[in-house]
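This report refers to the structure that appears directly beneath it.
The values are calculated or read from the model by the stated rules, or taken from the named source; none is laboratory data. All of these numbers come straight from a predicted model, not from anything done at the bench. Reconstructed Cβ throughout: ideal geometry from the backbone, glycine too, with neighbour counts over all protein chains shown.
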Amino acid sequence: MTQSTCRLQAVREYLGLPLDDVARHTGIGVYRLTRIEALEEEPTAVELKAISAIYKFSPAYLMGAEDAPAAPVRIRSRATTKLHPKDEEELMLFTQFLTAAGASD
């Protein structure tokens, strides 16, 4: 796991989830979560599965092993072609979050 690929902290912050909430819902201590996000410790498979369930992103995506799924063509319209790459990445994250949230209903 490298800092350039691990997305745990970035996704948590994107979702606006405080560490306390993640700790409460996963059963993983705040100190442990902090160390995982700081790349000082690797999450276990059980921990990663619990975090993934809350964040609604695959464990592979969270750990940087896979890219975000391609956005549907209708989202990649002319209006989005002028987005800054960082904004496009945010749009992709938001799209994946909405898709995952819809699948869990």
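Quick one: count up the residues across region 5-29 that are surrounded by 14 or more Cβ atoms within 10 Å (Cβ to Cβ) and over 16 Å from the mean Cα position of the chain (by Cα).
The qualifying residues number 1.
Residues in region 62-81: is at least one under 16 Å from R7 (Cα atoms) and either in a helix (DSSP H, G or I) or at pLDDT 85 or above (or both)?
Scanning region 62-81, I find at least one residue that is under 16 Å from R7 (Cα atoms) and either in a helix (DSSP H, G or I) or at pLDDT 85 or above (or both), so the answer is yes.
Taking the residues in region 9-20 that are assigned to a helix (DSSP H, G or I) and hydrophobic (A, V, I, L, M, F, W, C) as candidates, determine which candidate is farthest from S58 (Cα to Cα).
Residue satisfying both the conditions and the ranking: L19.
For region 21-58, name all the residues that are under 23 Å from F94 (Cβ atoms) and either in a loop (DSSP other than H, G, I, E, B) or assigned by TED's automatic domain parsing to the domain that holds L93 (or both).
Within region 21-58, K56, F57, S58 meet the criteria.
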